[in-house]
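For reference, the structure discussed in these notes is given below.
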Amino acid sequence: MPGFKPKGCKFMDETHDDDLDPYELHFQREPRRGAGVLVIALQTPDGRGGESIAESVRARVRSTGRAVESVVIELGEGSTRALEQAVAETAMPLIVITTAAAPWTDAHMKPLLNAIDKADHVVGCRPLPLGGRLRRWLANRPPRWVFGVPVADVHSPCRIHRAEALRAIPLQSRSAFLDVEILAKATFLGHLIDEVPIPALDGLPAEIARADRRLVARHPLFVRPSVPAEDSEGEEEGADRPDAEDQQCRPDLADARPLEDHGP
C-alpha cells in the first residue's frame, strides 16, 4: 500500500539495487544525512507563530551541523502561493513546515531528521490522553476514509518533506485543509509517508474551509496546468498578408472550437 514500508524491506546500505525487485526498489530512498533544510514557519495575522518559532527550528537544525534557511508566511489570502514559491525556489533538499505556537526542541527535530532518510514525508505524532486520542480518531475519519491519509496527527505542527516530493504536489487548498491535501496526494502518487512520535507541542488553530474539501475531493490536480504558449511573430504577421490567404482559414478555426479541452 503506498505510504507504508513493508516488513523486511532492505535499504541501500544493506544490499545492492541489482538484488532487488521493482517493488522493493520503490521503497528505497537515498539517505539525506547532512542535507540542508528550509524552514517554512506559518503565522497567524495576529502574530502567533512566525519568526520566534522559525528561530527555534533553525537552532535545532544548526546543532546537527546542517545548513539552514527560513521563511515566514502569514496565513491568509495568498499564503499557499507563497509556500509553493518558497518550495520552488529553495536549493535545500529538505523542507520543514511548521504551524507550531511554541518553540521546538531537539526531541521534536531529531525523530523527523532520522525518519526522512527512508521516506518522502514525515509527520510528528503528538501524544494525547485517551479522551484526546478518541476525539482525534473521530476527527480523522474523513481524511483517512475519504482521502486515504495514513497518519493519526493530520494537523501536526511538526513535519518534514523531501523537496522534490513536495514540488511534485500541486497545491489547491487555501486553509488548513492543505495538511490533508498534501498527505492525500502524496499517498495517491505513491510517496512514502512515515509518522514518528514526538513530545506534545501546541499548534496554530486548524481552520478548514469546506470549499477546499469539495475542490480537492471533486477536482484534484496532480499536474500543474501548463501556461499556453504565446503566438510566434510569424503567425501574427501572417494575418496581414496582402493575398489574404489567412482569412480563408478563419472558418475552419471557428469550427474547431468545440474540440477544445478545458478539463482540469
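From least to most packed, judged by other beta carbons within 10 angstrom and beginning with the fewest, LEU42, LEU201, LEU221 follow the order LEU221, LEU201, LEU42. Electrostatic tally near PHE222: other residues with Cβ closer than 12 Å to its Cβ, Lys and Arg +1, Asp and Glu -1, net +1.
Taking label points 7 Å from Cα along the Cα-to-Cβ direction, ARG133 and ALA217 give a separation of 2.8 nm.
Once the Cα-Cα distance is subtracted from the 0.36 nm per residue extended length, the GLU84 to GLU55 segment shows a gain of 8.3 nm. Per-residue extension of 0.36 nm, minus the Cα-Cα distance of TRP145 and ARG62, leaves a gain of 26.0 nm for this segment.
Values quoted throughout were computed directly from the atomic coordinates according to the rules given, and no laboratory measurement underlies them. All values derive from a computational prediction rather than experimental measurement. Glycine also receives a Cβ, built like all others from the backbone with ideal geometry; neighbour counts cover every protein chain displayed.
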